1. Quick check on the exposure proxy: order 15, 2, 83, 164 from fewest to most C-beta atoms within 10 angstrom.
2. So for 302, 245, fewest C-beta neighbours within 10 Å to most, what's the order?
3. Can you tell me the 0 to 90 degree angle between the C-alpha axis of helix 14-25 and the longest principal axis of the chain, rounded to 10?
4. Can you tell me the relative contact order of the chain? Whole percent, Cα pairs under 8 Å, sequence separation 6 or more.
5. Let a ≥ b ≥ c be the square roots of the eigenvalues of the Cα gyration tensor of region 111-242; is it rounded (a/c under 1.5), or, if not, prolate (a/b larger than b/c) or oblate?
6. Compute the helix-to-body angle for 243-259: its Cα long axis versus the longest principal axis of the chain, expressed 0 to 90° and rounded to tens.
7. Quick check on the exposure proxy: order 171, 166 from fewest to most C-beta atoms within 10 angstrom.
8. How many angstrom lie between the Cα centre of region 1-26 and the Cα centre of region 61-90?
C-alpha cells in the first residue's frame with residue numbers, strides 16, 4: 001500500500017468522490033442529492049470514510065465510507081453506521097484498496113463513537129466483508145414483489161429519462177386519487193419499532209434526512225412511505241387498522257400503479273419483520289441480500305436480531 005495515500009473525506013475533496021462516482025457508474029451523479037446523503041452530522045458524525053490516491057496523482061483511486069445513524073437496540077439508543085458507497089477506479093482494481101479503506105474507516109468510526117457498522121452487501125462484496133473484515137451474517141433479507149396488471153410503461157421509462165419523469169408525475173396524480181398525502185411522519189413512523197423490535201430510530205431528524213426520497217400516503221389507518229424509481233418502492237407500512245384496512249390499502253396501491261403503467265411494486269425487509277408479515281399474502285417473496293455487521297467492542301446488544309425495512313437502506 002506504500003504506493004497509495006489515504007485521506008479522510010472532507011468538503012474539499014468531496015468533488016474527487018463525485019468524479020470517481022462518475023467514472024465507476026458511467027454517469028454523473030446528482031450532486032445536490034449526494035451532498036444531502038453525506039450530510040449526516042445531525043446523527044452525531046460526518047465524513048466517516050476515506051479516499052485513496054496513488055502517489056503523485058490527484059484523481060481518486062478508490063473510496064469506502066459509512067453513513068452514521070441512530071438505532072434503538074434493546075431499548076437503548078446507539079450511534080451506529082450503515083456501510084455505504086464502495087467504489088474503485090477501473091485502473092486500480094485488484095490492489096486490495098477496498099479492504100485497506102474499510103479497515104481505516106472502521107478505526108475512524110470507533111474513534112467517532114460509533115458502536116458498530118451494519119449493511120446489506122451484495123454477492124460481489126460479501127466475501128470481503130465476511131472473510132476479511134470479520135462481519136457476522138445472522139440472516140438474509142427478503143425481497144417482496146407485488147405485481148400490477150398493466151401495460152408495462154415502466155420498462156420504457158427505465159430507458160428514457162423523459163418517459164420516466166412523465167410516468168412519475170402521473171403516478172403521483174394516481175396516488176392523490178386513491179390516498180391522502182400525509183405531510184409529516186406518523187407518530188409511529190416505523191413498523192419495526194412499533195412491533196417492539198430493535199431497529200433504526202425514525203424520529204423527525206431521520207425523516208428530515210430522507211426528505212425528497214419519497215412521500216407518505218394514507219388509506220384509513222394505514223400509512224405507507226412510497227417512492228418511484230421505475231418501480232413503486234415501499235419504504236415501510238405502519239398500520240393501526242385491521243387486516244382488511246391493510247388489504248384495502250394494498251389494493252389501492254395496485255390500482256394506482258396499474259393506472260400509471262407501473263407493473264412492479266417492491267420492497268426489501270428483514271424476514272421476521274412486521275412488514276414481511278403484513279405483505280405475506282399480497283406478494284411474492286424471495287431471499288435477497290445478506291444482513292451483516294461488525295461491532296467495535298462489547299455492549300452493543302443483540303445485533304443478530306436487528307430488523308430493517310427498505311427506507312432504512314442508504315439506497316432508498
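Every number here is computed from the coordinates shown, using simple stated rules; none is lab data. Remember, it's a predicted structure, so these values are computed and weren't measured experimentally. Cβ atoms come from the backbone with ideal geometry, glycine included; neighbour counts cover every protein chain shown.
1. Ascending Cβ contact count within 10 Å gives the list 2, 15, 164, 83.
2. Values: 302 10, 245 14.
Ordered from fewest to most neighbouring Cβ atoms within 10 Å, 302, 245 come out as 302, 245.
3. Helix 14-25 sits roughly 70 degrees off the main axis of the chain.
4. Numbers: 605 pairs, mean separation 67.0, N = 316.
Answer for the chain is 21 percent.
5. Values: a/c = 2.06, a/b = 1.33, b/c = 1.55.
Cα axes put region 111-242 in the oblate bin.
6. Taking the Cα atoms of the chain, the angle to 243-259 is about 80 degrees.
7. Details: 171 21, 166 15.
Going from least to most buried by this count: 166, 171.
8. 17
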